[in-house]
Structures are given as structure tokens and as C-alpha cells.
């Protein structure tokens, strides 16, 4: 036993050779400095497994863990490896070019070359290519995403399109915007698994379907007019809400892709280097690359709350949501964090060595970036001065006996606050007449949420001295504001009804204090009092006499207003109307038309309702005037007794009911009993084939006078 233990110590067995027990709720986090991927438990933040990535030290890497396998791509060398979680090793590998994007979803995996505008499907287990690369023809490409079914969605800004790859095969391109060359103008997001594209230059967010565009929403002008390349959107969100952030101005819009509602807020500008935001519950987490922290915006409180320290150092933070947890990683630093829906923070120490791994015996453990561990798990204020909720654009340092200790500028551990002997209570003294009054401070910059005919404005109350009340400023003329005044204890929300959907409105909140002092907040992001309407409902159709046209009617969709317009496409083009009906004319009978009715207003275009209309009017009519004289009624292959052949016949004396489709002119015929003349023939379906019968023997309203009968349409 002693020899066995001694041998184990010498060769390095133990945890490194143990069977790993990775948590079900966890994620892989990369470390470029050590060339490793660490798997962390999402509930505790503990690292429960590590994998050495051969040859990838100090290289930028990307990891894909949304599919059935875990793949890691070395973006510098193009080496692709698969992580074997059971052995904690990097198994199958292949070599591709540099500058590629790795995307996977379901059981499909792809490599996208944004420069050459090519898509290569790969085997996610063997990491080898499947088939030849598929060319999209115009680069550079935007960042692609793959939905849970494995469909790849690739934005092609140069053509203003997004190309889907269902089941790994190139589909028809979907037109989403104007042609632009910059890859950053079209940004893809998976919102709860649904593909959504943001046109940052066009100022729209659209939900995509395999057949085209569903709902499309217009972004506020403050974001739509932001400089090129400064608007950021996450590649995936756990729910329906997609955050869109203008980094330079700090203006942010949360787009609800189900309801069409837009919530607009301001994070403040200042000296921040905002990264791509993520939404978890009611909070929006925005990375600040300048100091390694997360700015936290609480939509319920309409305020910026205490920031979260991740590394406390300059670096690029990447955020993603998995299993209801927010993961934040800087691959160039030792520390990552995982945050649950209630805001609790657990730290992940990626460089820990006392964890299972596939490292070879006697291999040196990776060294940390500075040899120091971060503080115990929890929410840590950044080294920089945190921003206060009352003024997002201005730093406010907490003060008083309950304020957290500040870390000194020279580094080291924070100093403990000096202990002072408690003073005996003193009687309050009457202030001098010249003593300054307490400072009246403004409420927080409000957030504005669009609704159907309404804007809801929420704000954080004034800090410090409590005001006597709050009033809203900026409401349009004639609008109804409820309540007229908010009391000092809230609720801190105004509702504005009225205004035009074609205009955007910006609001501020003024706090009134005793003694006549007032303090006004910053202004909201401009917001419309409307949302994009839904799809028209109960689309029905009828035909005018004789056909050759379609009369459509429908019900107005949810969120429709007086400015809602409807676009009907199909037939001979498209037409737009403000009514809930449309007439299509100049069509051909006996054809099927695929029509769509879509609704839209100044806030965006709603979903469309499709309907297939068979423009035909078959009638069940009897054979008539068929005397029992031994002469049957012939059914011909053409409307003629001189061309074509006989397809069949109706025996003399019989008057069966047949289905007649339409009428057409042919050879002139004479009724052999009554002498009537007519060149009108009736088309029928006879034993699965198309046949023709002279109208002289059909019980139509004008068969005796040789004219077309209105109850049977003419053939086209």
C-alpha cells in the first residue's frame, strides 16, 4: 500500500487521473494565456474540469458549446479541436484557415469565412469537412448564428440579405435591408432560439422566418443615427428581449420581439468602453472594457444599480446566458463570474490546478496572471468610482459610516475604516439663518417604454432629501398624463396617452422640494407612443361576378392605430391601403394566387397573413335537352368537332349532373332536335381529364341563345 501511494505521488495520479464529474449546469470558459478550457459549475462557480488545448497558448480562441458537442477554434492558426468531456482531453482535430468563425447548433456545425464569403459544413465529431464550401458571392459577411434546429443564418451586408442554411444546405436569400458593404451593419441574434436581424444603419430589428421577414421594428433615432460600427447587439438572448446599445452615447433599447414593445433607457456616456450587453431577468448587464466591470441596469427600478467587478482590469469581457445563468469571461485573465437571475455572483478561478484534467504527469501547472486570487464570491465594487443611479453620466462615491472601503490608488488590500468612540447624543442646535439648505438632487434619468397609444415613463427617485413630489415634462400638446403629480413615495411611473405615432417624444422628470427648489432629471431616449401592429386577422375573400378579380377583407390586428397601413402583395403586384379591405383586378380565372396581407405603422411592420386563393367557380349543372333519339352528347378533348378527339359521351335520353369549370368559345354547333345555334363550349372534368361539351346541351341560363351565362365564368 505504501509503495502504491508513493508511486502515485511520483507519477502525478490523483485528481488528474480521476474520472471527471462535470456539472449538468455549467459552461466551458477559455483561457488564452494558459491555453486551456475550464469547465465551471454554474451554481457554485467551482472549476470541476480542465482541458489542455495543444498549441493554442496565447492565441485568441472561440468555443462553441450550443450544439451536441464542444468545439474550440484557434482563430490564429485555424486549428479546430473537439473536447472529450469524459476524458478531459482535446481529441479529434483538423486544420483550416485563419480568421474563420465557428458556429454550431443542434447536430450541425459550420465554419464561416467572412472575407471569402464561404460556408463550410463540418462533422462536429470528427471535425472534418462535409462536402464542398458553399459560396455566398459577396463579402465581408456578418457574424452568423445557428438555431437549435441547426439552421445557419448568415448576414450578407453587401447584398442586404440574410441567407439561411436549413439542414446544412443553402436556402433562398431573404431581403432585409439596403445593400451595404460593412459587415457590422447586419447583426444576427437568436432570441429564444428565433433568428432576429438588426440593421444598424437602417435602424430596424426584424424577426426572420424561412420564407421571409415576420415582425419588423424601428429603432429610436438616437440609435439609428449612431456612427457606423458603434451599435452592438448580442448574438443570442435567453428570452424574447433583444438589447441594442449605442456604445458612444450610452443609449439602449430593449426590443421585445414578441409584443413589439420598445423600452428605451440611457446608461450615460462618460469615459466608458461599453461592450455587448446581455439580459437576465429584469436586469441588463453591460460590460465596461475599460475597467473589467459590469454596469447593471435594473428595468424594474429604472436605474443603474451597483456594478459587478469581474477582473477589475482593462480587458474584453464576453457575456452569454446558459441554463438561466449569465457567464462573463475575459480569456486573457484568471477570473470569470457567473450570475444567477437574482443577481448573486459566484467567481470562477480558471487557473485553479486542484481540479480534474487530462494534463500529462509531471506537466507544470499553468501560472496565474498575477499570482493573486480575487476576493471571495459576491458582488464587488470596481476599483473605479461607481456611477450613481441618480445621475448615470456622473460618478458618485458612497459616503458615510456604512459606505464600503475604497481600495487605495497604490494597490494592496483596502484599509479598514478607523474605529471611533461613539459620541454622546447631543441636543439638536437651531441652525443659523445663514446655514445652507440641503442640496436638492434630481431624480434618475427616466426610461420610456412604448405601448399601443401610450408611453410609460419610469424613473428612480431623487437621492438624499425627499422632494414633495414629481411632475413629468415633455408631454405633447393635448396628451393625457396620469397621474398629474407623483407623490414623494411613488409609484415612480407616469403614463402618457396621446401624441402621433409618426413622432418621437422625449421626457424628463422634475422634482419639487420644500422652499420652492426644483431639480430636473436628464431626458429619455426619444420614444413613439405606438408599437408595430401584429398580423391581420381573419382574412377572407369573395369574387366579383364573372371572376377575374378577388375582393379581400380582414380584421385589424392587435396594436393597430389610425396610422396603420396594410400592404397586399400577390396577383399583379402590391397595393397599400388604410382600409381593412382591398380589390384585386385584372386577374386570370382558374388559377391559384398566393396573397399576403401585412400591417405596418411608423413603429414598424407587423407580421403578414398568407392566403392561397383558387380563382375558380365550378358549378354542378345537369345535361339537358338530350332527346332519346339515339344520338349521344359527345365529350371532346377540345372545344371543337373539327379538332381533337372524342373523350367520352353521355347516352341519349340521359341528363346526369356534371361539374362545369368555365366557358370558352369554339366551333359553332346546331342542336339536332331544336335547331339552336351556339359557339359556346363548357369545360368539365371527365374521369380525371379535361373535356368540353357544347353549351347547347347544358342547362345554363343562356344556352338556347348562344351566349355566355353569368353563373359560369369564362375560361382564361
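The values are calculated or read from the model by the stated rules, or taken from the named source; none is laboratory data. Remember, predicted model here, so these are calculated numbers, not experimental data. Positions of Cβ are generated from backbone atoms using ideal geometry, with glycine treated the same way; all protein chains shown enter the neighbour counts.
Determine, yes or no, whether residue 80 is in a strand (DSSP E or B), buried (at least 20 other Cβ atoms within 10 Å of the Cβ), in contact (Cβ under 8 Å) with a residue 40 or more places away in the chain and in contact with a strand residue (DSSP E or B) (Cβ under 6 Å, 6 or more places away or on another chain). It is true that residue 80 is in a strand (DSSP E or B), buried (at least 20 other Cβ atoms within 10 Å of the Cβ), in contact (Cβ under 8 Å) with a residue 40 or more places away in the chain and in contact with a strand residue (DSSP E or B) (Cβ under 6 Å, 6 or more places away or on another chain). Checking each residue in the stretch 303-317 for being part of a loop (DSSP other than H, G, I, E, B) and either under 21 Å from residue 460 (Cα atoms) or touching a residue at least 24 places away in the same chain (Cβ under 8 Å) (or both) picks out 310, 311, 312, 314, 315, 316, 317. Only residues that are outside any strand (DSSP E or B) and either modelled with pLDDT of 95 or more or surrounded by fewer than 19 Cβ atoms within 10 Å (Cβ to Cβ) (or both): list them for the stretch 226-246, please. Scanning the stretch 226-246 gives 227, 228, 229, 230, 233, 234, 235, 239, 240.
Take residue 497 and tell me if it is surrounded by 14 or more Cβ atoms within 10 Å (Cβ to Cβ) and at pLDDT 95 or above. Yes, satisfied. Does residue 197 meet the test of being part of a strand (DSSP E or B), under 13 Å from the mean Cα position of the chain (by Cα) and under 14 Å from residue 261 (Cα atoms)? When the stated conditions are applied, residue 197 does not pass them.
For the stretch 614-642, the tally of residues that are over 22 Å from residue 701 (Cβ atoms) and loosely packed, with under 14 Cβ neighbours inside 10 Å stands at 5.
Per this entry, residue 645 is not counted among residues that are assigned by TED's automatic domain parsing to the domain that holds residue 547, surrounded by fewer than 16 Cβ atoms within 10 Å (Cβ to Cβ) and either without any contact (Cβ under 8 Å) to a residue 24 or more places away in the chain or on the phi > 0 side of the Ramachandran plot (or both). Looking only at the stretch 576-583, decide whether some residue is surrounded by 18 or more Cβ atoms within 10 Å (Cβ to Cβ) and either assigned to a strand (DSSP E or B) or out of contact with any helix residue (DSSP H, G or I) (no Cβ under 9 Å at 6 or more places or on another chain) (or both). Yes: the stretch 576-583 contains one or more residues that are surrounded by 18 or more Cβ atoms within 10 Å (Cβ to Cβ) and either assigned to a strand (DSSP E or B) or out of contact with any helix residue (DSSP H, G or I) (no Cβ under 9 Å at 6 or more places or on another chain) (or both).
If I go through the stretch 318-352 residue by residue, how many of them are within 18 Å of residue 31 (Cβ to Cβ) and part of a loop (DSSP other than H, G, I, E, B)? Going through the stretch 318-352 one residue at a time, the tally reaches 8. Selection of the stretch 107-151 for residues being touching a residue at least 40 places away in the same chain (Cβ under 8 Å), surrounded by fewer than 16 Cβ atoms within 10 Å (Cβ to Cβ) and either under 28 Å from residue 180 (Cα atoms) or under 23 Å from the mean Cα position of the chain (by Cα) (or both) yields 107, 148, 149.
Let's see how each residue does on (1) assigned to a strand (DSSP E or B); (2) in contact with a strand residue (DSSP E or B) (Cβ under 9 Å, 6 or more places away or on another chain); (3) touching a residue at least 60 places away in the same chain (Cβ under 8 Å); (4) buried (at least 16 other Cβ atoms within 10 Å of the Cβ):
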{"site": "612", "(1), (2), (3), (4)": "yes, yes, no, no"}
{"site": "658", "(1), (2), (3), (4)": "yes, yes, no, yes"}
{"site": "662", "(1), (2), (3), (4)": "yes, yes, yes, yes"}
{"site": "696", "(1), (2), (3), (4)": "no, yes, yes, yes"}
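Would it be correct to say that residue 598 is more than 30 Å from residue 688 (Cα to Cα), at pLDDT below 95 and not in a loop (DSSP other than H, G, I, E, B)? Yes; evaluated as a whole, the condition is true for this residue. Being more than 20 Å from residue 56 (Cβ to Cβ), part of a loop (DSSP other than H, G, I, E, B) and at pLDDT 95 or above is a condition met by at least one residue of the stretch 91-114. Here's a check for you: in the stretch 215-225, which residue that is touching a residue at least 24 places away in the same chain (Cβ under 8 Å) and part of a loop (DSSP other than H, G, I, E, B) is nearest to the chain's Cα centre (by Cα)? My answer is 219.
The set of residues from the stretch 175-187 being surrounded by fewer than 22 Cβ atoms within 10 Å (Cβ to Cβ) and under 19 Å from residue 235 (Cα atoms) comprises 182, 183, 184.
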